[in-house]
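Everything on this sheet refers to the single structure shown next.
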């Protein structure tokens, strides 16, 4: 399976998704339960100083792989199965120079 074509150059943020569901009733009693039994992660990947060809490659990758992709988190050397949490964001910062941001959320139980 194809992975992100350009390794992130600037910043990757790994965030834990809170698995707790909390409901407060009218009498003030709070009911708390866990949604799933293990941690789930979200990643924010920021690419900077992309040439137009690199931007086009990433946009094309997004169109082809919005459901699930293997994502190698380079600082841990661990691969996560993720999906795009929302559309990618592209900003032109100068002629032929772009930044691109993507939010990836861990996806369990999906076929790669």
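Of the strands (runs of 3 or more DSSP E) lying entirely inside the range 1-51, those containing at least 1 residues that are at pLDDT below 85 and within 16 Å of the chain's Cα centre (by Cα) are 11-17. In contact with a strand residue (DSSP E or B) (Cβ under 8 Å, 6 or more places away or on another chain), surrounded by 15 or more Cβ atoms within 10 Å (Cβ to Cβ) and within 14 Å of residue 5 (Cα to Cα) - does that describe any residue in the range 88-99? The answer is no, given that none of the residues of the range 88-99 is in contact with a strand residue (DSSP E or B) (Cβ under 8 Å, 6 or more places away or on another chain), surrounded by 15 or more Cβ atoms within 10 Å (Cβ to Cβ) and within 14 Å of residue 5 (Cα to Cα). Looking at 61, 84, just one residue is touching a residue at least 24 places away in the same chain (Cβ under 8 Å), on the phi < 0 side of the Ramachandran plot and surrounded by 16 or more Cβ atoms within 10 Å (Cβ to Cβ), and that residue is 61. Of all the criteria given as (1) in contact (Cβ under 8 Å) with a residue 24 or more places away in the chain; (2) surrounded by 15 or more Cβ atoms within 10 Å (Cβ to Cβ); (3) in contact with a strand residue (DSSP E or B) (Cβ under 7 Å, 6 or more places away or on another chain), the one not satisfied by residue 15 is (2).
Selection of the range 64-81 for residues being touching a residue at least 60 places away in the same chain (Cβ under 8 Å) and more than 17 Å from residue 1 (Cα to Cα) yields 74, 75.
The values are calculated or read from the model by the stated rules, or taken from the named source; none is laboratory data. Computed from a predicted structure; not experimentally measured. Cβ coordinates were reconstructed from backbone atoms using ideal geometry, including for glycine residues, and neighbour counts include every protein chain displayed.
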